1. Here are Gln249, Gln225: which of them is surrounded by fewer than 20 Cβ atoms within 10 Å (Cβ to Cβ) and within 20 Å of Met173 (Cβ to Cβ)?
2. Right, Lys242: among the basic types (Lys, Arg) and either open to solvent by less than 10 Å² (accessible area, probe 1.4 Å) or closer than 29 Å to Leu137 by Cα (or both) or not?
3. Does Phe110 satisfy the criteria of being touching a residue at least 24 places away in the same chain (Cβ under 8 Å) and under 16 Å from Ala215 (Cβ atoms)?
4. If we scan region 143-150, do we find a residue that is of a type in the set (A, V, I, L, M) and either open to solvent by less than 40 Å² (accessible area, probe 1.4 Å) or touching a Lys or Arg at 6+ places or on another chain (Cβ under 7 Å) (or both)?
5. If you scan region 50-76, which residues turn out to be surrounded by fewer than 18 Cβ atoms within 10 Å (Cβ to Cβ) and either of a type in the set (Val, Ile, Thr) or in a helix (DSSP H, G or I) (or both)?
6. Among the numbered conditions (1) at pLDDT below 80; (2) farther than 30 Å from Val261 by Cβ; (3) open to solvent by 90 Å² or more (accessible area, probe 1.4 Å), tell me where Leu33 comes up short.
7. Could you check region 81-138 and list, in sequence order, the residues that are surrounded by 12 or more Cβ atoms within 10 Å (Cβ to Cβ), modelled with pLDDT of 80 or more and not in a helix (DSSP H, G or I)?
8. Identify, by number, the condition in (1) over 30 Å from Trp205 (Cα atoms); (2) at pLDDT 75 or above that Gly9 doesn't meet.
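The values are calculated or read from the model by the stated rules, or taken from the named source; none is laboratory data. This structure is a prediction, so every number in the text was calculated from the model and none was measured. A quick note on method: Cβ atoms are made from the backbone with ideal geometry, for glycine too, and the neighbour counts reach across all protein chains shown. Note: accessible area is taken over every heavy atom of the protein model, side chains too, but ligands, DNA and RNA are not part of it. Shrake-Rupley method; radii C 1.70, N 1.55, O 1.52, S 1.80 Å.
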Amino acid sequence: MAKKEKVYGTHLKVSTKRAGHRIGGTVGIFVFLLVLALFMALPIYLAVVMSLKPVQELFVFPPKLYVIDPTLSNYSAMFRLCSDLWVPFSRYVFNSVFVTVSVTVCQVVFSAMAAFCLAKVRFPGAKAINAIIVVALLYQSNVIYIMQYMVMAKMGMIDTYWALILPSVAAPMNLFLMRQSMTQVPDAMIEAAKVDGAGMFRICWQVVMPNQKPALMTVIIFSFQAAWNIQGGTLVFSESLKTLPTVVQQAASAGLARAGVAMAAAVFMLVPPIVIFMLAQRQVIETMAHSGIKD
């Protein structure tokens, strides 16, 4: 009896020790993620605080991380400054919305179709194309600015909406994510669709795509965020074709006196991506929690 009680006591101590390790590990992970979240939220917090500071608080040294006398004058000054331009502020909003929606739709459609071909269609050179896509992930867009300008100039697309939309349609990261997701689709599902007489286009959009909602929502988040920040650079010169990030940059270039206005414009620019992220993130979590594919 004494031996059994000793064994049970040993098992109880080991179980308690393991539970303590699990709790300690969970608390450590939670603290680490909390610190990381606060660090990532700091720029957004500073932008909101700066946008609410009056002009006299912008010159306080050392700068404070809070607002003494909050005001909305920076936001009213931002809209007043934009309304004084010879191009209406609504025009900049339309340009950004049009370019963002066009780029997002094109990236989703083209990335999905190309990823389906690379993941589920066998053809010569597929491995080489996949290798090229992986290598393309290493390059920044700044590397190809000169080549982009030369191509756009030859095609007569300088100073048009095409100069803002077309260079952003090809997104190697989105294509790579979609391809990696589609490789998880069972080949038996595609073969069954072929037996039923479905073509490749129908298989792509009616069989494979409904099971790719997490990947599609991720691509939408990345595409919208990148497209919303498009400025055009040296490809667009007409004031009527410029986007909101260009106006924000022009407001920020006026010096410290307009730092509050620039922060107000930055906060205004942050709202749509955050809204899209929250909506898409919820759908991604629900889709990944309630759906699955079994071979």
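1. Gln225
2. Against the criterion (among the basic types (Lys, Arg) and either open to solvent by less than 10 Å² (accessible area, probe 1.4 Å) or closer than 29 Å to Leu137 by Cα (or both)), Lys242 qualifies.
3. So Phe110 passes the test.
4. No, the conditions are met nowhere in region 143-150.
5. Answer for region 50-76, where residues must be surrounded by fewer than 18 Cβ atoms within 10 Å (Cβ to Cβ) and either of a type in the set (Val, Ile, Thr) or in a helix (DSSP H, G or I) (or both): Val55, Gln56, Leu58, Val60, Val67, Ile68, Thr71, Ser73, Ser76.
6. For Leu33, the failing item is (1).
7. Listed by number, the list holds a single entry, Val121.
8. Only one criterion is unmet by Gly9, namely (2).
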